[in-house]
1. So if each residue of separation counts as 0.36 nm, and I subtract the Cα-Cα distance between VAL19 and ALA52, what length gain in nm does that give?
2. What value, in deg cm²/dmol to 500, does the helix sum -39500 (n - 2.57) over DSSP H runs of n ≥ 4 give at 222 nm once divided by the residues of the chain?
3. Using +1 on the beta carbon of Lys and Arg, -1 on that of Asp and Glu, and nothing else charged, what's the dipole of the chain about the Cα centre, debye to 20?
4. Over the Cα atoms of the stretch 2-51, how large are the radius of gyration and the largest Cα-Cα distance (Dmax), in Å?
Amino acid sequence: MHAVGGAELSLDSRDLREVLGGLGLASPEGVALVREALRQGEAQLGQARAAAPPGGA
């Protein structure tokens, strides 16, 4: 888990595997899912960082 300004990024492989419905995380679909989840999480953390008061983390 990573947190910035109240926003959190956390990925759980069990949740990802459930979404994939039996496909492996190393499959092309699994890799694409992880990449997209990370991109979305990083965007949310970036927005939280921008909204954080000066001197805040």
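A short reminder: the numbers here are calculations on the coordinates, not readings from a lab. These numbers were taken from a predicted model, which means no experiment stands behind them. So basically every Cβ, Gly included, is an ideal-geometry build from the backbone, and we count neighbours across all protein chains shown.
1. Stretched out fully, the VAL19 to ALA52 stretch lengthens by 8.7 nm.
2. Result for the chain, helices only: -18500 deg cm²/dmol.
3. 140
4. Calculated on Cα positions, Rg and Dmax stand at 12.5, 39 Å.
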